[in-house]
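Input: a single structure, listed below in structure tokens.
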Amino acid sequence: WGSLGHITTAYLASHFVSNTTEAVFKELLKNDNADYLASVASWADSVRYTKWGRFTKTFHFIDAHDDPPRSCNVDFERDCKETGCVINALANYTEQVVDTALPEWQRAQAAKFVIHFVGDLHQPLHNEDVALGGNRIHVLWDGRGYNLHHVWDSSIAEKWIGGLHGKPYDLALKWANQLAVEITDGKFTPESEGWLKDLDYKDPISTAMAWSRECNALVCTHVFPEGPKAIVGQELGGDYFKAAGPVIEKQVARAGYRMGAWLDQIANDYL
Ligand code: DCM
Ligand code: DCM
Ligand code: DCM
Ligand code: ZN
Ligand code: ZN
């Protein structure tokens, strides 16, 4: 996601975590404010192109070598790069957060990666190999040129919330509050319990793969409904957005809700 997506998922997670979890992460992240998760949610993107952070570059996605829209699927052995992918990155950094043998700064850094990667795992094009996750596909968005990956990282979400009129953290908080209502007492209430059915803290790879498969299926139905070739150069701000907007909304809601539950499990282990 772009920063709007990451900050929103983290605010949403902070809405659902237990009081104990909140205390644990405020202490670990040395931030006692309401944005203790949100303010670190995009950090992993800020280090991936630095010399120090280069090793994390492939941790943000898994390149599913499937064949949309005919067939969508993810296979850990086939698709996770030697250098790592979002699946084993989430597992490894989750282990580091709770490893009390590690220095606290390292556990805090691991927490920042966990918060980020739960988010990226819910972006359909972070679970797809075609054209480098859509980066090499040129499209139009309200008349301007972008690559398809950027449209799914940022443009759809920004339009869905009515445009970037306001401060990023204010917009994300407002959106997160709306999604929290939809989950607690709204359109997502009937299905939200099911969102945690694959969550098994003792098996982070299987958990992440279940979330990845669910997300990758959306590549066939909503990212490339007519195939990758048919989308090249198309205007996506109209009918395509009408179908994609609700998908983005649900993926951000799922990511934030699951992040909250994941952090609860970590805090439980941590004590
Ligand atoms: N930030 C912001 N509003 C907030 C919290 C953070 O604009 N409520 C910005 C300031 C930094 C970045 O996000 O550029 C990361 O903040 P921090 O260093 O506090 O994590
Ligand atoms: N941060 C850090 N190590 C870095 C860069 C940033 O611990 N090398 C922290 C500072 C902020 C948070 O991550 O609390 C977000 O950083 P940024 O301002 O780069 O988004
Ligand atoms: N990306 C992806 N799958 C790939 C390559 C990149 O999902 N195979 C993502 C990571 C970034 C964005 O696309 O969010 C841009 O990546 P880069 O700047 O590395 O091209
Ligand atoms: Zn991306
Ligand atoms: Zn990322």
Any residue at all in the stretch 194-213 that's touching a Leu at 6+ places or on another chain (Cβ under 8 Å), at pLDDT 95 or above and not in a helix (DSSP H, G or I)? no
Give the residues of the stretch 47-65 that are away from ligand 5 (no atom under 16 Å from the Cβ) and either surrounded by 21 or more Cβ atoms within 10 Å (Cβ to Cβ) or aliphatic (A, V, I, L, M) (or both), sorted by residue number. A64
Determine which single condition K174 fails, assuming it passes every other condition in (1) of a type outside the set (S, T, N, Q); (2) assigned to a loop (DSSP other than H, G, I, E, B); (3) on the phi < 0 side of the Ramachandran plot. (2)
Of all the residues that make up the stretch 41-79, how many are in contact (Cβ under 8 Å) with a residue 12 or more places away in the chain and more than 12 Å from ligand 3 (Cβ to nearest atom)? 13
Residues that are in a helix (DSSP H, G or I), under 14 Å from D63 (Cα atoms), touching a Leu at 6+ places or on another chain (Cβ under 9 Å) and more than 16 Å from ligand 2 (Cβ to nearest atom): does the stretch 140-152 have at least one? yes
Return the residues of the stretch 70-116 that are of a type outside the set (D, E, K, R), more than 20 Å from S42 (Cβ to Cβ) and within 14 Å of ligand 2 (Cβ to nearest atom); say none if nothing qualifies. P103
By residue number, the members of the stretch 71-119 that are surrounded by 21 or more Cβ atoms within 10 Å (Cβ to Cβ), touching a Cys at 6+ places or on another chain (Cβ under 8 Å) and not acidic (D, E) are C72, I87
Just to be sure I understand, how many residues within the stretch 37-69 are of a type outside the set (A, V, I, L, M), more than 10 Å from ligand 2 (Cβ to nearest atom), modelled with pLDDT of 95 or more and farther than 30 Å from K229 by Cβ? 4
Identify the single condition in (1) of a type outside the set (S, T, N, Q); (2) outside any helix (DSSP H, G or I); (3) modelled with pLDDT of 95 or more that M259 does not satisfy, given that it satisfies every other one. (2)
Somewhere in the stretch 32-40, is a residue within 16 Å of ligand 3 (Cβ to nearest atom), more than 15 Å from the chain's Cα centre (by Cα) and not charged (D, E, K, R)? no
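Yes/no per residue for (1) in contact with a strand residue (DSSP E or B) (Cβ under 8 Å, 6 or more places away or on another chain); (2) more than 21 Å from A267 (Cα to Cα); (3) of a type outside the set (V, I, T); (4) part of a helix (DSSP H, G or I):
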residue	(1), (2), (3), (4)
T50	no, yes, no, no
Q109	no, no, yes, yes
G119	no, no, yes, yes
L125	no, yes, yes, yes
G133	no, yes, yes, yes
Quick check: anything in the stretch 96-103 in a helix (DSSP H, G or I) and either more than 15 Å from the chain's Cα centre (by Cα) or within 16 Å of ligand 3 (Cβ to nearest atom) (or both)? yes
Odd one out for V151 among (1) free of Cβ contacts under 8 Å to residues at least 12 places away in the same chain; (2) surrounded by 19 or more Cβ atoms within 10 Å (Cβ to Cβ): (1)
Step by step: first the residues of the stretch 242-260, then only those that are touching a residue at least 40 places away in the same chain (Cβ under 8 Å) and surrounded by fewer than 19 Cβ atoms within 10 Å (Cβ to Cβ), then the one that is farthest from V139 (Cα to Cα). Which residue is that? K250
Can you report the number of residues in the stretch 1-28 which are crowded, with 16+ Cβ neighbours inside 10 Å, in contact with a helix residue (DSSP H, G or I) (Cβ under 6 Å, 6 or more places away or on another chain) and either in a loop (DSSP other than H, G, I, E, B) or not small (G, A, S) (or both)? 15
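The values are calculated or read from the model by the stated rules, or taken from the named source; none is laboratory data. Note that the coordinates shown come from a computational prediction; the quantities given were computed from them, not determined experimentally. FYI the Cβ positions are ideal-geometry reconstructions off the backbone, even for glycines, and counts take in every protein chain you see.
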